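Trainee: Take this structure first; my questions come after.
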Amino acid sequence: MAHPKRKISKSRRDKRRTHYKAAAPSLATCSNCGEMKLSHRACPNCGYYAGKSMFVPES
Amino acid sequence: MRHRVKGRKLGRTASHRSATLRALATSLLKHKKIKTTVAKAKETRSFVEPLITKAKADTLHARRFVSQFIKDKEVLKELFSEIIPKIGDRPGGYTRVVKLGTRVGDAADMAIIELVDYNVIAEKKEKKTTAGKTRKTTKAADKKPVVEDAEVIEEVVEPKKEKTEAKKEKKSTAAKGSAKTKKTESSKSTKSKKDKE
């Protein structure tokens, strides 16, 4: 079986990992309450989606 | 190739799956609005809607056909006597699936599935939500001095505290050199506040 000839150096390993990034969530302002919310989802703050109340928040 | 393969297996055997869908359909017709995962909500949609269409013809045959899947007799009665008249001439599309975001425990995508014509209940609740909102704002105003020492990490977790935090940061933006992302967040929320005012 083929094996690696050299241990991957820290530098090479870390260079490879420079492309591992966390993507920022695409947030939008809620049209009902103005809070930040994920797009295509009901607003967790006011429970509205597309001008309709989907649920009443607990607090 | 998965050409023309319809539906989801939901990680269940055929019998378990059919039992799940029947249960979901029954509770949807019973409560008019249920909260479940997105996958199950979408499967329920394509399970219930043909049943409702079938039930539009109020015949013994239709009733017996639907009763194959809806085992709860009370729910069956309600479907034929109350839900069908309310649905009227709607040509399909009796349900609505709205995504909610992820569940805390396993980060599963959650959704609400509801009967479209029963969103009247939500309209009633609207008044309650507005009342809740005013209460929240007052609470936030009261909390302001208390929360001042809270950690910045909490900003992301709780939207209520975020407001107060944003205010606080507005006052002392130069004092604390917080990370770029946090700054942008706070500026956004202040913007939204300005819009409100």
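The values are calculated or read from the model by the stated rules, or taken from the named source; none is laboratory data. All figures in this text were calculated on a predicted structure; none of them were measured in a lab. Ideal geometry is used to build each Cβ from the backbone, glycine not excepted, and the neighbour counts take in all protein chains shown. Please note that ligands, DNA and RNA were not included when accessible areas were found on the heavy atoms of the full protein model with its side chains. Shrake-Rupley method; radii C 1.70, N 1.55, O 1.52, S 1.80 Å.
Trainee: For A:Arg12, are the conditions met, namely being at pLDDT 90 or above, more than 10 Å from every other protein chain (Cβ to nearest Cβ), surrounded by 11 or more Cβ atoms within 10 Å (Cβ to Cβ) and not in a loop (DSSP other than H, G, I, E, B)?
Mentor: Yes; evaluated as a whole, the condition is true for this residue.
Trainee: Can you confirm whether region B:53-63 contains a residue that is in contact (Cβ under 8 Å) with a residue 60 or more places away in the chain and more than 23 Å from B:Val104 (Cα to Cα)?
Mentor: Checking region B:53-63: not a single residue is in contact (Cβ under 8 Å) with a residue 60 or more places away in the chain and more than 23 Å from B:Val104 (Cα to Cα).
Trainee: Go through B:Val120, B:Val38 for me and flag whichever is under 23 Å from A:Ser53 (Cα atoms), within 20 Å of the chain's Cα centre (by Cα), at pLDDT 95 or above and among the aliphatic types (A, V, I, L, M).
Mentor: B:Val38
Trainee: Shifting gears a bit: Just to confirm my filter: which helices (runs of 4 or more DSSP H) fall fully inside region B:2-89 and include at least 2 residues that are in contact with a strand residue (DSSP E or B) (Cβ under 7 Å, 6 or more places away or on another chain)? Write out each step before concluding.
Mentor: Working: elements: B:14-31, B:38-56, B:60-67, B:73-78, B:84-87.
Once the helices (runs of 4 or more DSSP H) in region B:2-89 are filtered for at least 2 residues that are in contact with a strand residue (DSSP E or B) (Cβ under 7 Å, 6 or more places away or on another chain), what remains is B:14-31, B:38-56.
Trainee: Then there's this: Among residues belonging to region A:20-59 that are within 7 Å of chain B (Cβ to nearest Cβ) and of a type in the set (Ser, Thr, Tyr), point out the one that is nearest to the chain's Cα centre (by Cα).
Mentor: Ranking the qualifying residues of region A:20-59, first place goes to A:Thr29.
One line per residue, one yes/no per condition, for (1) surrounded by 13 or more Cβ atoms within 10 Å (Cβ to Cβ); (2) within 23 Å of B:Ala111 (Cα to Cα); (3) basic (Lys, Arg):
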position	(1), (2), (3)
A:Met1	no, no, no
A:Met36	yes, yes, no
A:Ser39	no, yes, no
A:Asn45	yes, yes, no
A:Ala50	no, yes, no
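Trainee: Sticking with this one: From the list B:Gly92, B:Gly7, which residue is more than 15 Å from B:Leu115 (Cβ to Cβ), within 22 Å of the chain's Cα centre (by Cα) and modelled with pLDDT under 95?
Mentor: Details: B:Gly92 fails: more than 15 Å from B:Leu115 (Cβ to Cβ).
Unique residue meeting the criteria: B:Gly7.
Trainee: Then there is this: Please go through region B:103-117 and give me each residue that is more than 10 Å from chain A (Cβ to nearest Cβ), of a type outside the set (Val, Ile, Thr) and open to solvent by 30 Å² or more (accessible area, probe 1.4 Å), ordered by number.
Mentor: Correct list: B:Arg103, B:Gly105, B:Asp106, B:Ala107, B:Asp117.
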